[in-house]
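Here is the structure we will look at.
The values are calculated or read from the model by the stated rules, or taken from the named source; none is laboratory data. The model shown is predicted, which means the values in this text are computed figures rather than measured ones. Glycine gets a Cβ as well: all are built from the backbone with ideal geometry, and neighbour counts include every protein chain shown.
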Amino acid sequence: MIHVCSLRLLAEEVARLGASHVVTLINEDTMPTTPRIILPENHLQLGMNDISEPVEGLTPPDENHIENLLAFVSNWDQSAPMVIHCWAGISRSTAAGYVALCLINPDIDEHHIAVSLRKASHTATPNRRIVAIADRLLARDGRMVAAIETIGSGSMVGEGIPFSMPAKF
């Protein structure tokens, strides 16, 4: 299972789910410590800002971030949940969840995964830069980006509602 939440709910959700792995996508200056029940090597920390285009003084998601995400997800044995979070649980984390699901399910249509994401979360608004980089690295020929565009932006909220999706479709 892949579970998405905000930073505020991270420790609570990791404990409640008995998660074994965590992915953090957050600004370097707000990087949290690893939750107590997570082994340090099972916590991927990706320092980035939630932007889709480069902005001076901010760190956009880049190819190195996404390569690290793909490698981390590839090494996850799926025996316990993976929690993916960002500051609000709306953009970076939902994009990373979508990317993880596309990686784990290479033969499942990207649109099907995107629609499943929207059904699981009305607040998800995946970061398009993260999706576009992953689309290229996974050789999905623009299908991941197109699928996310079809589901559109989620409901405007200050913090996303936590949600889970099965890792395998």
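A few notes on this one:
- E149 meets the conditions (1) of a type outside the set (V, I, T); (2) part of a helix (DSSP H, G or I); (3) at pLDDT below 95 in every case but one. The failed one is (3).
- Qualifying residue in the range 122-136 (condition: in a helix (DSSP H, G or I), of a type in the set (A, V, I, L, M), more than 21 Å from I26 (Cα to Cα) and without any contact (Cβ under 8 Å) to a residue 24 or more places away in the chain): no
- Qualifying residue in the range 102-118 (condition: assigned to a helix (DSSP H, G or I), surrounded by 15 or more Cβ atoms within 10 Å (Cβ to Cβ) and among the charged types (D, E, K, R)): yes
- The set of residues in the range 23-39 that are in contact with a Leu (Cβ under 7 Å, 6 or more places away or on another chain) and either surrounded by 22 or more Cβ atoms within 10 Å (Cβ to Cβ) or under 20 Å from A71 (Cα atoms) (or both) comprises V23, T24, L25, I26.
- Residue that is nearest to the chain's Cα centre (by Cα), among those in the range 39-52 that are more than 16 Å from R136 (Cβ to Cβ) and touching a residue at least 60 places away in the same chain (Cβ under 8 Å): D50
- Only a single item in (1) at pLDDT 95 or above; (2) in a loop (DSSP other than H, G, I, E, B); (3) not charged (D, E, K, R) is not met by A95, and it is number (2).
- When the range 69-87 is limited to residues that are β-branched (V, I, T) and in a strand (DSSP E or B), the one that is nearest to I26 (Cα to Cα) turns out to be I84.
- Inter-residue pairs, beta-carbon under 7 Å, first touching a residue at least 24 places away in the same chain (Cβ under 8 Å) and surrounded by fewer than 17 Cβ atoms within 10 Å (Cβ to Cβ) and in the range 58-83, second of a type in the set (D, E, K, R) and in a helix (DSSP H, G or I), 6+ apart: T59/E28
- Residue match in the range 152-163 (condition: buried (at least 18 other Cβ atoms within 10 Å of the Cβ), hydrophobic (A, V, I, L, M, F, W, C), modelled with pLDDT of 95 or more and within 13 Å of the chain's Cα centre (by Cα)): yes
- Options I66, I90, I51: the member that is of a type in the set (V, I, T), at pLDDT 95 or above, under 17 Å from R129 (Cα atoms) and part of a loop (DSSP other than H, G, I, E, B): I90
- Scope the range 12-22; condition surrounded by fewer than 18 Cβ atoms within 10 Å (Cβ to Cβ) and either without any contact (Cβ under 8 Å) to a residue 40 or more places away in the chain or within 15 Å of the chain's Cα centre (by Cα) (or both); matching residues: E12, A15, R16
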